[in-house]
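Here the structure comes first, spelled out in structure tokens, and everything after it is commentary.
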Amino acid sequence: MPNLTLLDLSYNRLRTFPWSSLKNAPTICKLKLNNNEISKVDAYVDFPQTLEYLYLQCNRITTIPETFLHGLKPLKETFYLRIWQNPLLCDCKIQWIARFRRCVWEHRQEGCVNASPGRARKCIQDKCNFHPNGVAVILDWLKKTHKLISVKPPTPGQSLRCDSPQELKGTLLRNISLPTCTSANDSANSQQTSSTDKLETHEPQKPSAETKPPPLVTNTWERTTVNTPKLSLFWKSESF
């Protein structure tokens, strides 16, 4: 699939995705896996440099390892990731997202959100960049209104929230703190913390490799688009 720019596998009841197959799609820009039954992602993925958009919202994902995105090397230094409406387990493994969301919220007046993509990228890189390759990971909407493109926070129903443990259910990720957690880079093989009395809330202000998945097979339910111009593909009628 050397000329593939868009791969849309949404609404297909997928339970897994063969991430290693992305090496066969060197020109892909957008991968849509939303509204499936995917329950986990790989610990590390060597993403194509052309990939800018990854849709994982509305699945069954409970955690996303911090190292999952360490293989990102996008040409434009910006990566748009949608992960809302997943049953997130708020433990040490997800603290990197909580820390990132809190930082973006604290710098929202400086352009990390409610701003143009360029300004949001610069704000995140200057204030909230925890990615080893300097990539600005944007978890908010990319929205087009009146011919203007801007980064907007999701609606309340699409905000990143804890689904478990029970005492944190419904809490915004930016409002939780896990002070006893260590960085994923320092303890990639550490066991998951089982004690919930270490979880706190506050007011806003390469794990082991998995079994190699099978190669990606193109079936009749796959909706793919092969196109070169990106703008006509992305901004036609869709609201990011």
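The values are calculated or read from the model by the stated rules, or taken from the named source; none is laboratory data. Note that the structure is a prediction, hence the values are computed from the model and not measured. Every residue, glycine as well, gets a Cβ built from its backbone with ideal geometry; the counts of neighbours run over all protein chains shown. We work out accessible area using only protein heavy atoms, side chains counted, and drop any ligands, DNA or RNA first. Shrake-Rupley method; radii C 1.70, N 1.55, O 1.52, S 1.80 Å.
Of note:
- Distance violations [Cα-Cα > 24 Å] among Lys23/Lys122; Lys30/Lys73; Lys93/Lys127; Lys23/Lys76; Lys23/Lys93: Lys23/Lys122; Lys23/Lys93
- Spin-label pair Gln125/Thr16, simplified geometry with 7 Å Cα→Cβ offset, distance in nm: 3.7 nm
- The residues of the stretch 6-172 present an accessible area of 43 Å² per residue when probed at 1.4 Å with all protein chains retained.
- Sulfur and carbon atoms: percent of accessible area, the stretch 6-172 [1.4 Å]: 49 percent
- Sorting the Cα pairs of the stretch 6-172 by distance into bins of 5 Å, from 0 upward, gives 2, 9, 17, 22, 23, 17, 9, 2, 0 percent per bin.
- Relative to the 2.2 N^0.38 Å rule of thumb, the stretch 1-93 has a C-alpha radius of gyration ratio of 1.03.
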